[in-house]
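The values are calculated or read from the model by the stated rules, or taken from the named source; none is laboratory data. The structure displayed is predicted, hence computed values, not measured ones. Heads up, the Cβs are rebuilt from the backbone with ideal geometry, glycines too, and the neighbour counts pull from every protein chain shown.
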Amino acid sequence: MSAPNGLAEQVAALPWPALIEALDAEGVAKVTGLLAPPECASLVRLYDDAQRFRSKVVMGRHGYGSGEYRYFAYPLPPLVATLRELLYPKLVPLANRWHEALGSATRFPDAHAAFVERCHAAGQLRPTPLLLRYENR
C-alpha cells in the first residue's frame, strides 16, 4: 500500500487519545483536515458513477432521515482503500475493548487484511465502505 500525499504520516499524527476519548464518550469523533480539498472533490465526483457502487440506500425510505448513501463495489478507489487500511489498526484496540466490555468473546485481528479474510471466510464478500450524500432542500 502506498499512501498518497503523506497520508500515513497524517493519520499517525492525528490526536488519537482525544479521538478515542470522543468515540468512547459520544460514539463519534470528528477528524478535520485529513484530506485535501482536491481529494475530497474527487470522492464527491465518484457518487454519480453508479458503476463504482454495489448498492444505494435512500435514507427516507427506511426512516433514517434525508439523504442517501452508496456502498462502494470492488475495486475500492485507492484513497478509500488506503484510508481503510491506515485507520483500522488505530481503531481496532477500541473495538476489542468495547467487545470485552460487552462480554463478547470475539476479538478483531490487528491487521486489516486479516479482518477482511475473516469476513470473506464468513461469507461477507462485499465491501462496506460507503459514501453519503445529503442535499439541502
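Just give me the residues in the range 118-137 being closer than 17 Å to Pro75 by Cβ and not polar (S, T, N, Q), in sequence order.
If the condition is that a residue be closer than 17 Å to Pro75 by Cβ and not polar (S, T, N, Q), then Cys119, His120, Leu125, Arg126, Pro127, Pro129, Leu130, Leu131 are the ones that fit.
State yes or no: is Ala73 surrounded by fewer than 11 Cβ atoms within 10 Å (Cβ to Cβ), among the aliphatic types (A, V, I, L, M) and modelled with pLDDT of 95 or more?
No; evaluated as a whole, the condition is false for this residue.
Show me the helices (runs of 4 or more DSSP H) entirely contained within the range 36-137 in which 1 or more residues are closer than 25 Å to Ala8 by Cβ, among the aliphatic types (A, V, I, L, M) and more than 16 Å from the chain's Cα centre (by Cα). Please lay out each step first, then the result.
Values: elements: 37-46, 78-101, 112-121.
Result: 37-46, 112-121.
How many of the residues making up the range 56-79 are in contact (Cβ under 8 Å) with a residue 12 or more places away in the chain and more than 22 Å from Glu135 (Cα to Cα)?
So the first thing to find is which residues in the range 56-79 are in contact (Cβ under 8 Å) with a residue 12 or more places away in the chain, and the list is 56-57, 66-74, 76-79.
Checking which are more than 22 Å from Glu135 (Cα to Cα) leaves us with 73-74, 76-79.
Qualifying residue count, the range 56-79: 6.
Touching a strand residue (DSSP E or B) at 6+ places or on another chain (Cβ under 6 Å) and either surrounded by 11 or more Cβ atoms within 10 Å (Cβ to Cβ) or over 27 Å from Arg54 (Cβ atoms) (or both): is that true of Leu94 in this structure?
no
Can you confirm whether Thr106 is among the β-branched types (Val, Ile, Thr) and loosely packed, with under 13 Cβ neighbours inside 10 Å? Can you show your working first?
Numbers: among the β-branched types (Val, Ile, Thr): yes; loosely packed, with under 13 Cβ neighbours inside 10 Å: yes.
Yes, satisfied.
Please list, ordered by first then second residue, the pairs with beta carbon atoms under 9 Å, 6 or more apart or interchain, first in the range 95-112 and at pLDDT 95 or above, second part of a loop (DSSP other than H, G, I, E, B) and among the hydroxyl-bearing types (Ser, Thr, Tyr).
Asn96/Thr106; Trp98/Ser104; His99/Thr106
Evaluate the following for Arg118: is it among the basic types (Lys, Arg) and closer than 25 Å to Leu35 by Cα? Walk me through how you get there before you give the answer.
Values: among the basic types (Lys, Arg): yes; closer than 25 Å to Leu35 by Cα: no.
Spelling it out, it is not the case that Arg118 is among the basic types (Lys, Arg) and closer than 25 Å to Leu35 by Cα.
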